[in-house]
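Enquirer: I'd like to ask you about the structure that follows.
The values are calculated or read from the model by the stated rules, or taken from the named source; none is laboratory data. What you see is a predicted model, and the numbers here were worked out from it, not measured in a lab. All Cβ positions, even for glycine, are placed from backbone atoms using ideal geometry, and neighbour counts span all protein chains on display. Each accessible area value is taken on the protein alone, full model and side chains, heavy atoms only, with ligands, DNA and RNA left out. Shrake-Rupley method; radii C 1.70, N 1.55, O 1.52, S 1.80 Å.
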Amino acid sequence: DELLRRFHVESQSASALNHPNILTVYDVGADGHEPYLVTELLEGESLSSRLKRGKLPVAQAVDYAKQIACGLAAAHAKGIVHRDIKPDNLFITKGGAVKILDFGLAKVTSTQPRVGATISMVTSAGLIMGTAPYMSPEQARGQAVDTRSDIFSFGCVLYEMLTGTRAFPGDTLADLLTAILTTEPDLRGVDSPALVRIVGHCIEKTPEQRFQSVSDIAFALDTALITDGRPQPVALASQPKRNRLPWALAALFALGCVTLAWLYFRPKPDLQFHRLTFRRGTVQAARFTADANSVVYSARWEDEPGEVFTTRGDSPGSRPLGFTDTALLAVSASGELALAQNTILGRNPFVRAGMLARAPLSGGAARAIEAGIDFADWSPDGKEMAVARETDRGTQLEFPVGNVLYTTPGYIGEPRVSPDGRRIAFLDHPLSNSNQGSVAVIDRAGHKKLLTAEYADAEGLAWTPQGNEIWFTAAKSGGRTDLRAVTLSGRERVVFRQSVATVLHDISRDGRVLLASIELRAKAMFRGPSDTQEKELSWLDWSLVTGISRDAKFILFNESGEGAGDDQQIYLRDTSGAPAVLLGPGGNPGWLSSDDQYVGTVTTDLHSILIYPVGPGSAQRIPIPGFELTDAGPSPDGKTLWFVGRAPGHGLRAYITDLNGASPRAVTPEGTTAMPSPDVTYFVSTPPSGKGFIYPVAGGAPQELSLSPGDRLAGWSQDGQELFVFNRNGLPAKVYRLNWKTGHRELMREIAPSDRAGTDNVNSLRVTPDGKAYTYSCIQDLSELHIVQGLK
């Protein structure tokens, strides 16, 4: 019975996880009374087997430790505590990947941290002996455990990889438990001061004194080898006295090479990390004050609204400034705050537009200035502001406010005024529904220059104090952003990278850096007609829902994060929870035809339409020359295609074409994004202003829709008389039935994920025609803010 219970725990826990460092479970079932799991096939050896040959090289041990930490972070994010981390449960593949095995002792708590459950001690002495050397003190006492118990076990494993011996030896179970509870391991065998600190911090006796998350460990491991780096001594052999000149010249040359090598590879300054935030949620923005002694930041913690806080690096805790439902934009040299009030999701899912307001840092009410502002920054003297403003035709950069320097149909991120006040650096995002972008700089005369190629994900930007470099965080593929730098001449370099995503917030005048470590993922949720609660159907790290079949048997989503690699990937997944089926790459979200037979998307170069059959068959590619596409799909008759795109020099419009892609016909006016009805006889536009329209494909006057700011289309009723619309601004998301002919609007349901920390809206929603089933995606952003000193 105990083994069968553990088998079911294994199947439930492991199948809920999908991560490169966790054994993948493909299927769970039973053949009669025989239960089974279907998992990926691993070739290699266990870490336990490898350790029998002795300790690991330091670099290899750190590499393995970072992979284990990443896998544990994924489990902990799902509310799963492994409770049996040990070398036997860690597998090293032939390619050097580490996989966490055996979730048979795992405990599913909740997604809230530090919620534990009493461990069920196994009665078999052999099983206890196999696990006891890696138990945390709270496990040894039979007390409640949480994710910090896994951190203790992780520390024991890291110690063993570095030394070749167990952290807590003992010949009997009593000896082992006594050692865990009362003794400290000898850390002198760890040949690295940085790793000594990491191991020691992992295996503290009380959970409160340990690392509080494995993300913190991964952050520390990333700098361990850098801070311990030392140049290797070079010995010059003595030479005979004959031919002294050539040898002397050679010696001088060698000495010069050694000197240059030492200058290049000399030990980097010890990076120092000071964590500022400790609650569970999202850091929206953070800035140093002018004297660099304090930090002002805005954050959304747990299920609370956004609020502005201040803290100091030399004292614990944060103090709220009294601005609720408010996001920070900038802090001036004179101590004035630029704030965004009443923020709403506008044209894109990555930015919240709001009312720009000004308020003194010392206290006082905020004064509203300008509407529709995404970002803002002060000039060095604090007298002018640069802003990114949303309009119906795109986003415009203004400096000072009202003076338009640049307009894009996409959006402008993180505009920052240079230290000399002559230029503005910003992230230029060409698409309104994608975070891909480049670093650009523009002067006061409007002369714009791209400094980098386009990154798949770009967020966070700041000038160095000298103004000779622009630092930013971006990823070439996936979503694991690194800290990078670029000069005004376009020369790039990597400043810092770690195993989790990083977002840059600010650089102080003395060179300290505000960095956030980010655990970011898009979750796919589903609820069927007979379900009492939602279930998660996420596949990789960025499962963005774009469709649901009429019978609610499968959902359509794309993956565009780190798991998908260089290309976005389109998937179908059975709502029973069976593994997702890969259709193929796509440049943007896929769209499902109303008969559930085809999926349409655009190619990664954004110049062709791809049609994937849901069943057997091959994909079809239809070039649309002269257009840049954002969305596309098939009509139910299979003869007509629709797409949203733009011709050179023009704004976005919805078009109709045929399977040859010939002579596209515009349906909506320029500057309009829209979604088609199931039969592709209408297009529905839902702009951020809340004033929507239905455009007949056959021609004729559009009909105005009564919408609220933030409303988006979620589906059509079976008779085509009603629209399902939802509002993305805030949780729970309200879903309405809207009779588009009469304007009658009725609340249908309210939707919110059970775990709201780091989530403040429903990003996409699709409802079946009968209104009884739905699926949606929500982005969860869990971040920790750090001051980092020593980055160069």
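Enquirer: Sorting F472, F627, F278, F7 by accessible area (1.4 Å probe), largest first, what list results?
Expert: F278, F7, F627, F472
Enquirer: Please go through region 573-639 and write out the trypsin sites (Lys or Arg not before Pro) that DSSP classes as loop and that have at most 11 other C-beta atoms within 10 Å. Walk me through the numbers before you get to the answer.
Expert: On the way: sites: R573, R621, K639; in loops: K639.
Qualifying residues, ordered by number: K639.
Enquirer: When ligands, DNA and RNA are left out and all protein chains stay put, how many square angstrom of accessible area per residue does the chain have with a 1.4 Å probe? It would help to have the intermediate numbers written out before the result.
Expert: Values: 33520 Å² over 792 residues.
Per-residue value: 42 Å².
Enquirer: Taking amide H positions as placed in the peptide plane 1.01 Å from N, state which residues far from D770 in sequence (5 or more) or on other chains have amide H under 5 Å from it.
Expert: none
Enquirer: Using 0.36 nm per residue of separation minus the Cα-Cα distance, give me the extension gain between K476 and S48 in nm, one decimal.
Expert: The span from K476 to S48 would gain 150.5 nm if fully extended.
Enquirer: Using only the alpha-carbon atoms of region 649-792 as identical scatterers, what base-10 log of I(q)/I(0) does the Debye formula give at q = 0.09 Å⁻¹?
Expert: These q points yield log10 I(q)/I(0) values of -0.36.
Enquirer: Another one. Based on a Kirkwood Rh over C-alpha pairs, give the Stokes-Einstein translational diffusion coefficient of region 1-105 at 4 °C and viscosity 1.567 mPa s in µm²/s. Write out the running numbers ahead of the final one.
Expert: On the way: Rh = 14.5 Å.
Approximately 89 µm²/s, per Stokes-Einstein.
Enquirer: For the cross-link pairs K535/K772; K55/K86; K553/K734; K78/K523; K553/K772, which exceed 19 Å when the distance is taken from alpha carbon to alpha carbon? Kindly include the intermediate steps, with their values, before the conclusion.
Expert: Numbers: K535/K772 15 Å; K55/K86 15 Å; K553/K734 24 Å; K78/K523 11 Å; K553/K772 12 Å.
In this structure, K553/K734 lie more than 19 Å apart at Cα.
Enquirer: Ranked highest first by average number of other Cβ atoms within 10 Å, how do 377-384, 496-503 line up?
Expert: Working: 377-384: 17.2, 496-503: 21.9.
Going by the mean number of other Cβ atoms within 10 Å, highest first, we get 496-503, 377-384.
Enquirer: For region 703-784, rounded, prolate or oblate, judged on the Cα gyration tensor with a ≥ b ≥ c (square roots of eigenvalues), a/c < 1.5 rounded, else prolate if a/b > b/c? Walk me through the numbers on the way to the answer.
Expert: Values: a/c = 2.83, a/b = 1.93, b/c = 1.47.
The shape class here is prolate.
Enquirer: Could you work out the relative contact order of the chain? I mean the mean sequence separation of Cα pairs under 8 Å and 6+ apart, divided by the number of residues, in percent. Write down the numbers at each step before the final one.
Expert: Details: 1967 pairs, mean separation 61.8, N = 792.
After rounding, I find 8 percent.
Enquirer: At a 1.4 Å probe radius, carbon and sulfur cover how many percent of the accessible area of the chain? Don't skip to the end; give the middle numbers.
Expert: Working: 17260 of 33520 Å².
On the chain, the fraction of accessible area on carbon and sulfur atoms equals 52 percent.
Enquirer: Still on this structure, I have one more. Distance in nm between label sites at D566 and T172, each 7 Å beyond Cα in the beta-carbon direction?
Expert: With each label point 7 Å from Cα toward Cβ, the separation is 6.2 nm.
Enquirer: Taking the Cα centre of the chain as the origin and placing charges on Cβ (Lys, Arg +1; Asp, Glu -1), which of G633, P702, A69 is farthest toward the positive end of the dipole?
Expert: Among G633, P702, A69, the one farthest towards the positive end of the dipole of the chain is A69.
Enquirer: Nearest 0.05, what FRET efficiency do F278 and E750 give at R0 = 45 Å with Cβ-Cβ as r?
Expert: Details: r = 31 Å, r/R0 = 0.68.
Rounded to the nearest 0.05, the efficiency is 0.90.
Enquirer: Separate question: Which residues does a label at K94 reach in region 20-42, if reach means a backbone N under 16 Å from a point 7 Å past the Cα toward the Cβ?
Expert: Residues passing the 16 Å test: 41-42.
Enquirer: Using a 1.4 angstrom probe with every protein chain in place, what is the largest-first accessible-area order of E750, E34? Could the numbers behind the result be given before it?
Expert: Values: E750 100, E34 125 Å².
Descending order: E34, E750.
Enquirer: Multiply the residue separation of E454 and D574 by 0.36 nm, subtract the distance between their alpha-carbon atoms, and state the gained length in nm to one decimal. Before the final figure, lay out the partial values.
Expert: On the way: separation 120, 0.36 × 120 = 43.20 nm, distance 3.48 nm.
Gain in length upon complete extension: 39.7 nm.
Enquirer: What whole-number distance in Å separates the alpha-carbon centres of region 682-734 and region 367-421?
Expert: With region 682-734 and region 367-421 each reduced to a Cα centre, they are spaced 30 Å.
Enquirer: Relative to the Cα centre, what is the charge dipole magnitude of the chain, using +1 at the beta carbon of each Lys and Arg, -1 at the beta carbon of each Asp and Glu, and rounding to the nearest 20 debye?
Expert: On the way: 79 positive and 87 negative charges, 410 e Å.
That gives a dipole near 1980 debye.
Enquirer: Specify the angular offset, from 0 to 90 degrees and rounded to the nearest 10, of the alpha carbon long axis of helix 58-77 from the longest principal axis of the alpha carbons in the chain.
Expert: Approximately 40 degrees, to the nearest ten.
Enquirer: Where the centre of each part is set by its Cα atoms, how far does region 492-567 sit from region 586-602, in angstrom?
Expert: Going from one Cα centre to the other spans 21 Å.
Enquirer: Taking a quarter of the surface of the convex hull around the Cα atoms of the chain, what do you get in nm²?
Expert: Working: hull surface 162.4 nm².
Taking a quarter of the hull surface, the average projection is 40.6 nm².
Enquirer: Mind listing the long-range amide H neighbours of A333? Cut-off is under 5 Å, sequence gap 5 or more, other chains count too, H placed in the peptide plane at 1.01 Å from N.
Expert: G382
Enquirer: Starting from the amide H of T604, placed 1.01 Å from N in the peptide plane, find each other amide H under 5 Å away whose residue is 5 or more places distant or on another chain.
Expert: Those lying under 5 Å, H to H, from T604 are G587.
Enquirer: Related question: Counting just the Cα atoms, what span does region 294-355 cover along each of its three principal axes? Round to the nearest Å and put the largest first.
Expert: Principal extents (largest minus smallest coordinate, Cα): 40, 30, 19 Å.
Enquirer: Based on alpha-carbon positions alone, could you give the equivalent ellipsoid semi-axes of region 165-226 from the gyration tensor, as √(5λ), descending, whole Å?
Expert: 24, 15, 8
Enquirer: How far, in nm, would the chain grow between R665 and D637 when pulled straight, counting 0.36 nm per residue and subtracting the alpha carbon separation?
Expert: Details: separation 28, 0.36 × 28 = 10.08 nm, distance 1.79 nm.
Going from the current span to full extension adds 8.3 nm.
Enquirer: If you put +1 on each Lys and Arg Cβ and -1 on each Asp and Glu Cβ, how big is the dipole of region 573-700 around its Cα centre, in Debye rounded to 20?
Expert: Numbers: 7 positive and 10 negative charges, 51 e Å.
Using only the charged Cβ atoms, the result is roughly 240 debye.
Enquirer: Could you calculate the FRET efficiency of N403 with R197 from 1/(1 + (r/R0)^6), where r is the beta carbon distance between them and R0 is 56 Å, rounded to 0.05? Numbers along the way, then the final one.
Expert: Values: r = 51 Å, r/R0 = 0.92.
Here the calculated transfer efficiency is 0.65.
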